[in-house]
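Written out below as structure tokens is the structure these notes cover.
Here, each number is a calculation from the coordinates, and none is a lab measurement. These numbers were taken from a predicted model, which means no experiment stands behind them. No Cβ is skipped: glycine too gets one built from the backbone with ideal geometry, and neighbour counts run over all protein chains shown.
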Amino acid sequence: MSETSLSLLLALLLAHTIADFILQSDIWAKQKQQHHWRTISLYWHVAIHSLSSLAVIIIFGIEISIAIVAMLIIGLTHWLVDVLKSYTPPRQVRFFLLDQGLHLIILTAVWWWITDADMAVLPIDIRMLWQPKTLLIALTYLVVTRPASVLIALIMRRWSEGVDTRGTLADAGARIGMLERFLILTFVLSHQMAAIGFLLTAKSVLRFGDLYEDRDRKLTEYVLLGTMLSFSLTLTLGLLARYLLSVL
């Protein structure tokens with residue numbers, strides 16, 4: 001892959017990001033959600049996307065006829081994806097990720113077509129996805145998120161009924177646990193063990209200070225036990241995965 005070809009892909013993604021998140025107001029987004037394909041703001045939004053993509057493609061010296069076809073593909077598919085998204089429930093993460101994922105797939109496909117990119121020279125060889133090391137890393141990240149949450153909840157069950165959790169966000173503890181285990185595993189696999197200490201210190205300052213002020217000893221011990229269990233489990237799995245990666 002040439003440097004110019006990669007620059008074109010990055011420029012298309014940059015233009016998409018600017019058009020979708022900076023040049024689109026919240027009012028336009030709400031109008032699309034309310035009136036779907038009938039709102040004029042949708043067509044303004046698609047026009048901005050189309051013209052910005054056309055400008056990028058022309059700047060990189062692509063033939064004008066090909067550039068226009070690419071612009072039409074990007075514009076029409078963007079209109080279709082946005083119309084479909086307008087019929088989904090608003091402010092839901094899965095639909096946001098699906099929407100952006102489709103846009104990025106389309107942009108990448110258009111870039112691949114106009115540059116005649118060769119799959120064999122892409123920086124990521126698709127065969128790498130099926131290598132033992134890749135599968136081991138994916139499995140470990142998967143295990144420390146949802147399965148680990150279920151295991152920790154089962155272990156903590158004997159104490160959870162005696163703890164007053166009123167005034168806390170629903171499922172916030174589980175979500176915080178998933179994020180902290182994701183970070184811990186990342187630190188372990190990247191050999192940044194010292195960062196785990198900073199993470200534990202930051203959580204202690206934010207969480208245990210409030211618990212101490214509430215003078216709720218049971219809740220403090222419950223949170224501390226859950227945190228230590230989460231850290232210990234993730235460290236064990238992370239170190240085991242790191243060892244296996246070294247011998248594969």
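For the range 3-121, averaging the sequence separation of C-alpha pairs within contact (under 8 Å, six or more residues apart) and dividing by the residue count gives a relative contact order of 30 percent. For the range 3-121, the calculated P(r) over all alpha carbon pairs, in 5 Å bins from 0 to the bin holding the longest distance, is 2, 11, 22, 24, 18, 11, 7, 4, 1 percent.
Looking at the square roots a ≥ b ≥ c of the eigenvalues of the Cα gyration tensor of the range 14-61, which shape do they give, rounded for a/c under 1.5, prolate if a/b is larger than b/c, or oblate? It is prolate, given that a/c is not under 1.5 and a/b is the larger ratio.
Charges were assigned to the Cβ only: +1 to each Lys and Arg, -1 to each Asp and Glu. The resulting dipole of the range 3-121 about its Cα centre is roughly 640 debye.
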